[in-house]
Amino acid sequence: MTIECRGTDKYEKQINVIKSLKNLAKNYNIVIILVAHSNKNSIQHREPHVFDISGASEIANLSDYILTATRDNDRDNETTILLLKNRITGLIKKHLQLKFSPDRKRFYTDSKL
């Protein structure tokens, strides 16, 4: 985590930042997207898990949604998005296949949701 804030414990700092971002989103009715790397132990998991996020476990606990993006090296320009947490509807484990257009620099899909 590259966010800097007051306090001595790095995990406590992360928790405070996440709580502040959550309050900001609620007060202004906005969506905040936080991009986090997976921890080193997540390589051992066969299936992604919400607690694969590097840093304080409260990041996953306080999040409303958690998505993971993986790229298959065998399939050029193809990415899979997996919904791991959905606090609003409870629907999880939903996969979405995306393709990447190098010319447009955008992800797109041909499937209908």
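Counting only residues that are out of contact with any Leu (no Cβ under 6 Å at 6 or more places or on another chain) and touching a residue at least 12 places away in the same chain (Cβ under 8 Å), which one in region 71-82 is nearest to Ser101 (Cα to Cα)? Step by step, filter region 71-82, then rank; the result is Asn77. So, of the residues in region 62-77 that are open to solvent by 60 Å² or more (accessible area, probe 1.4 Å) and of a type in the set (S, T, N, Q), which turns out to be nearest to Asp9 (Cα to Cα)? So, considering only residues that are open to solvent by 60 Å² or more (accessible area, probe 1.4 Å) and of a type in the set (S, T, N, Q), the one nearest to Asp9 (Cα to Cα) is Thr70. In region 78-113, the qualifying residues are those that are of a type in the set (Lys, Arg) and part of a strand (DSSP E or B), and the one that is surrounded by the fewest Cβ atoms within 10 Å (Cβ to Cβ) is Arg106. The number of residues in region 54-77 being of a type outside the set (Gly, Ala, Ser) and part of a strand (DSSP E or B) comes to 6. Here is the figure for region 7-24: residues that are modelled with pLDDT under 90 and among the small types (Gly, Ala, Ser) total 1. Restricted to region 25-76, and to residues there that are of a type in the set (Val, Ile, Thr) and modelled with pLDDT under 85, the residue that is nearest to the chain's Cα centre (by Cα) is Val35.
The values are calculated or read from the model by the stated rules, or taken from the named source; none is laboratory data. Small disclaimer: the values here were computed from a predicted structure and weren't measured. Because the Cβ atoms are built from the backbone with ideal geometry, glycine has one as well, and the counts that use them run over all protein chains shown. SASA here: full protein model, heavy atoms, side chains in, ligands and nucleic acids out. Shrake-Rupley method; radii C 1.70, N 1.55, O 1.52, S 1.80 Å.
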